[in-house]
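What follows is one structure encoded as C-alpha cells, with my remarks underneath.
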Amino acid sequence: MIARDEPSAAPRTLLRELFAGAADTAADALEQAANRARAQGFIVLQLGVQQSGQVREVANFHAAIALQCARHGIPMAPTVIVSAGPLLSGAACASPADFLLALTLAIDGHRGMYAYACGSIPNRGEFSGLGAFIDPGTLKRARESRIDVTARLIAGDAVSVFEHLGDCEDLAAIPIAWGVLRAILITPE
C-alpha cells in the first residue's frame, strides 16, 4: 500500500506500467490495465471506452467518482479507475494533459489521489504520443510557479504546464481512435 507521505515516484511508475505493452484496441488496453492492477491487489473500477466527450465534463465525472471513493472510504483498499476514449476541447481533439489539468482542478489537491493519462496529440501536422502524471501537489506546484492553470486549460495549453512541472513524457504514438487512456489511483486516507 502507498503511504500518504511517500514520494510520487511509486504511484507514477505503477500507473504508467498499467498501460505498458501492446494492445489491438482501447478496450484491450483497458482490460490489460485492469488485469495488471488486480494482479497487484487493487480494486478496479473499469469505466470502459466512451465514444467521445468534452474534456472538462469527462474529468469532472471521473473526479466525482474518485472523490466519493476517497471521502467515504469505499472501497477500503487502494482503487484504480481506468477508462479511455476520445476527448474534445470544443471541436478540437484534447490531449492527455488537457484531461489531467481539468482533473487537477476538479480534485483540488485531494490527498491520496494520483492519475496518469496517455494518448496521441497533434504535433505539427503529425501525431505524437504523450503521457502525463498528477499527484496531490500538482496544483500547488503550478500555482507556486505562477501558472494560471484555468487559463492554460481554456487556451488549450495544458501540455506546457506539465512540461514546466516535469510531469510529462514523450511516448510512441497511440492510435487516434483510442483517444486518451486514463488511470486514477485512490489511496485510503
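The values are calculated or read from the model by the stated rules, or taken from the named source; none is laboratory data. Quantities reported herein were computed from a predicted structural model and do not represent experimental measurements. Please note: Cβ atoms are built from the backbone with ideal geometry, for glycine as well, and neighbour counts cover all protein chains shown.
Could you grab me the full set of residues in region 160-189 that are at pLDDT 90 or above and outside any loop (DSSP other than H, G, I, E, B)? Hits for region 160-189 are Ser160, Val161, Phe162, Glu163, His164, Leu165, Arg182, Ala183, Ile184, Leu185, Ile186. Regarding region 107-124, can at least one residue be identified that is surrounded by 18 or more Cβ atoms within 10 Å (Cβ to Cβ), at pLDDT below 95 and of a type in the set (Asp, Glu)? The answer is no, given that none of the residues of region 107-124 is surrounded by 18 or more Cβ atoms within 10 Å (Cβ to Cβ), at pLDDT below 95 and of a type in the set (Asp, Glu). Criterion first (out of contact with any strand residue (DSSP E or B) (no Cβ under 7 Å at 6 or more places or on another chain) and closer than 14 Å to Arg182 by Cβ) does Ala37 satisfy it? Criteria not met by Ala37. Being surrounded by fewer than 16 Cβ atoms within 10 Å (Cβ to Cβ), charged (D, E, K, R), touching a residue at least 24 places away in the same chain (Cβ under 8 Å) and closer than 23 Å to Val149 by Cβ is a description that does not apply to Arg16. In region 64-74 there is at least one residue matching the filter, namely being modelled with pLDDT of 90 or more and touching a Ser or Thr at 6+ places or on another chain (Cβ under 9 Å).
Of the strands (runs of 3 or more DSSP E) that lie entirely inside region 42-150, those containing 1 or more residues that are aromatic (Phe, Trp, Tyr) and in contact (Cβ under 8 Å) with a residue 40 or more places away in the chain span 113-123, 126-134.
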